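Structure, as structure tokens:
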Ligand SMILES: Nc1nc2c([nH]c(=O)n2[C@H]2C[C@H](O)[C@@H](COP(=O)(O)OP(=O)(O)OP(=O)(O)O)O2)c(=O)[nH]1
């Protein structure tokens, strides 16, 4: 992806976008500040002006390579864009982890900018980058930043030491990390759809009925869809489908979901029951019939902005899926 293809991430007050060469002077003005640099491990003080140009160029190359996303945090003052700070996420090689870091110009402190930006970038990353964990390391004396990491949902995972270049030595740091369970909202508890029981017996969990379908193309590949940002388990790949509405049969629910999510028309006669998932999802129990379908009208397209992938059966396990799907994938691979 080029930096031009990166769609800026927006929050209520902020935009996170790739840095541009013309940001260098303002970036330098904000970061060449002892109160900012003293908290950042890799930066020198004073911060040379030409380093801002080199840094911006390197961040653009990293976005193109897909190795790191260092973005400008900008606010709006009337029609004027105002550089507020920077935020970055670096993929850790060979793992499904990434490290997040940020700084905010001194005059913008105290307004919740860092938490707003970091929460947004972390949730975006989990939804789009094939990651499972976000990590951070923060100077132990930097209580404001520790509060930011806690506020976005990361939890303390240990202590360590890091080199702080501007301080000329090693200082204690607090390590944080979190996954989807920490950073994305838990799924709402379902209304019971199977029975109209007014109250569940004590300790019983509501049952959530979800219907899903493995669409199989003429090459024997299976369609997976990626759960979009904002949904529970965002970023995991799943079989298209969704919750059944009250009064629907599983086939009716699936036909509706496939139309809504993929804009294809399927007839009930083309839906072959294959297997089902029965999974304790914490606050509810998930029951999910999985159908196979080899014939449909139309070309599947992502109507809800979700990524789609046609996957060979022997490659299905390369895609991170919800825990309920794991046994289904093994059965499907053996069957196909
Ligand atoms: N569609 C689908 N859902 C799955 C799979 N595996 C799995 O655990 N689920 C779970 C995730 C959710 O808890 C639930 C589906 O709920 P959802 O919120 O995505 O359903 P929906 O499309 O009706 O969504 P919405 O309209 O309520 O936003 O089932 C799967 O392979 N496909």
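Taking the chain as the reference, fit the longest principal axis to its C-alpha atoms, fit the long axis of helix 250-262 to the helix C-alpha atoms, and give the angle between the two in degrees, 0 to 90, nearest 10. It works out to around 40 degrees.
The calculated P(r) of the stretch 207-335, using every Cα pair and 5 Å bins from 0, goes 2, 11, 22, 26, 23, 13, 3, 0 in percent.
Centre-to-centre separation between the Cα atoms of the stretch 18-79 and those of the stretch 221-257: 40 Å.
Going by how many other Cβ atoms sit within 10 Å of their own, how do 37, 266 line up, fewest first?
With the sparsest Cβ surroundings first, the list reads 37, 266.
The Cα center of the stretch 110-139 and the Cα center of the stretch 300-321 differ in position by 25 Å. The residues 213, 270, 293, when put in order of fewest to most other Cβ atoms within 10 Å, stand as 270, 293, 213. Each Cα pair under 8 Å and six or more residues apart adds its sequence gap; the mean of these over the residue count of the chain is a relative contact order of 12 percent.
Considering all alpha-carbon pairs of the stretch 3-183, what whole percent are spaced by more than 31 angstrom?
Values: 1471 of 16290 pairs.
Cα-Cα pairs in the stretch 3-183 separated by more than 31 Å: 9 percent.
Both the radius of gyration and Dmax for the chain are 23.5, 72 Å, in that order, over alpha-carbon atoms.
Give me 227, 151 ranked fewest to most by other Cβ atoms within 10 Å of their Cβ, as a rough exposure proxy.
151, 227
Round to the nearest 10 and give me the degree value, 0 to 90, for the angle of helix 326-335's Cα axis relative to the longest principal axis of the chain. Long axis of 326-335 versus the principal axis of the chain: about 60 degrees.
Just so you know, all these numbers are worked out from the coordinates, no wet-lab data involved. No experiment lies behind these values; they were computed from the predicted model shown. Reconstructed Cβ throughout: ideal geometry from the backbone, glycine too, with neighbour counts over all protein chains shown.
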